[in-house]
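Single-structure report; data block below.
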Amino acid sequence: MNKNSIPNHIAIIMDGNGRWALKRGKNRLFGHRAGVESIKKTIMACLDLNIKIMSIFAFSTENWKRPKEEVDGIFSLVDKLTQSDIDLFVKNGITVRTMGDLTKLPEGLQNSINSLKEQTKNNTKLILNIALNYGGRAEIVRAVNNIIKTNKTDINEDDIKNNLYTFDLPDPDLIIRTSGENRISNFMLFQCAYSEFYFPKIHWPDFNKKQLKKAIKIYQKRNRRFGGLK
Ligand code: IPE
Ligand code: IPE
Ligand code: MG
């Protein structure tokens with residue numbers, strides 16, 4: 001791994017928690033719980049490797065289709081992460097931010113997330129961008145609606161970009177999706193235009209620093225041309 005060309009922004013579709021658990025004869029929530037441990041490990045690995053932005057897909061606008069018990073279970077795990085692990089973010093200089101419509105989440109969770117965002121807003125080491133009740137299509141529609149409110153009629157790419165949740169962030173350099181599925185599932189649709197993709201077969205609870213380094217090595221072998229010649 002070349003320490004001089006570390007991707008600036010890594011985005012992760014953390015998939016496979018359910019299958020990981022079922023393979024072990026456990027329920028799906030057991031997998032989500034293990035998935036939280038992988039999140040923490042990967043955050044520490046990003047800090048160590050000097051990655052500046054890590055976006056994670058925690059709950060999609062389509063995940064409401066799942067049984068209420070699973071949805072509530074996921075929310076309570078996020079709540080736990082944002083409340084009892086405050087030190088992890090504060091001590092390590094991590095800024096927590098989110099993308100997605102938080103107003104549909106349980107009120108307690110909204111409060112703990114907002115408080116964590118406030119407490120970490122001046123940190124500078126790593127931005128952890130959590131996609132919660134997030135969909136790429138919904139994000140673009142929201143951007144367009146924001147622009148309409150300004151009475152603008154001739155919309156350009158920068159107008160859209162400036163109204164995304166990630167208006168002030170660079171696009172992801174590398175998008176990782178675990179679990180062997182080769183699809184985007186409505187994640188960062190506008191931002192992924194020139195991202196490199198990597199689809200490891202392992203399930204998210206098995207992801208760790210070694211896996212992250214492997215992903216970066218593969219990324220470093222890619223030839224990014226952005227439509228030009230190189
Ligand atoms: C990803 O794991 C986590 C969330 C969607 C919250 P899944 O729950 O989708 O696990 P699989 O894909 O069913 O194995
Ligand atoms: C994508 O995974 C969403 C998250 C990781 C939060 P899904 O498991 O929901 O995606 P599909 O249904 O396999 O496309
Ligand atoms: Mg899945």
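The values are calculated or read from the model by the stated rules, or taken from the named source; none is laboratory data. Note that this is a predicted model, so its numbers are computed, not measured. All Cβ positions, even for glycine, are placed from backbone atoms using ideal geometry, and neighbour counts span all protein chains on display. When the accessible area is computed, the model is the full protein with side chains, heavy atoms only, and any ligands, DNA or RNA have been set aside. Shrake-Rupley method; radii C 1.70, N 1.55, O 1.52, S 1.80 Å.
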Can you compute the modelled spin-label distance between residue 226 and residue 2, with each label point 7 Å from Cα toward Cβ, in nm? 1.6 nm
Please report, as a whole percent, how much of the solvent-accessible surface of the chain comes from carbon and sulfur atoms (probe radius 1.4 Å). 50 percent
Dipole in debye (nearest 20) - the stretch 79-230, about Cα centre, beta carbon charges: Lys, Arg +1; Asp, Glu -1: 840 debye
Can you give the helix-only mean residue ellipticity at 222 nm for the chain, where every DSSP H stretch with n ≥ 4 adds -39500 (n - 2.57) and the sum goes over all residues, rounded to the nearest 500 deg cm²/dmol? -13500 deg cm²/dmol
Using a probe radius of 1.4 Å on heavy atoms only, what accessible surface per residue do you get for the chain? Whole Å² is fine. 52 Å²
Sorted by accessible area (1.4 Å probe), largest first, how do 40, 217, 230 line up? 230, 217, 40
Express the C-alpha Rg of the stretch 83-162 as a ratio against the empirical globular expectation 2.2 N^0.38 Å, rounded to two decimals. 1.33
Proximal charge balance of residue 80 [Cβ under 13 Å; K/R count +1, D/E count -1]: -2
Filter the cross-link list 104/209; 41/91; 26/213 down to pairs whose alpha-carbon distance in this structure exceeds 26 Å. 104/209; 26/213
Take residue 84, project a point 7 Å from its Cα along the Cβ direction, then tell me which residues of the stretch 110-131 have their backbone nitrogen under 17 Å from it. 112-113
Among residues other than residue 184 whose Cβ falls under 15 Å from its Cβ, what is the net charge (Lys/Arg +1, Asp/Glu -1)? -3
Going by Cα centres, the stretch 156-185 and the stretch 204-230 are how many Å apart? 16 Å
Prolate/oblate/rounded label for the chain (Cα gyration tensor, a/c 1.5): rounded
Set the Förster radius R0 to 25 Å, insert the Cβ-Cβ distance between residue 183 and residue 101 as r into 1/(1 + (r/R0)^6), and round the FRET efficiency to 0.05. 0.65
Pull out a ≥ b ≥ c, the square roots of the eigenvalues of the alpha-carbon gyration tensor of the stretch 2-51, then state rounded if a/c is under 1.5, prolate if not and a/b is larger than b/c, and oblate in the remaining case. prolate
Can you tell me the dipole magnitude for the stretch 1-67 around its Cα centre, using point charges on the Cβ only (Lys, Arg +1; Asp, Glu -1), in Debye to the nearest 20? 340 debye
Efficiency by 1/(1 + (r/R0)^6): what FRET value for residue 69 and residue 146, r their Cβ-Cβ distance, R0 = 35 Å, to the nearest 0.05? 0.50
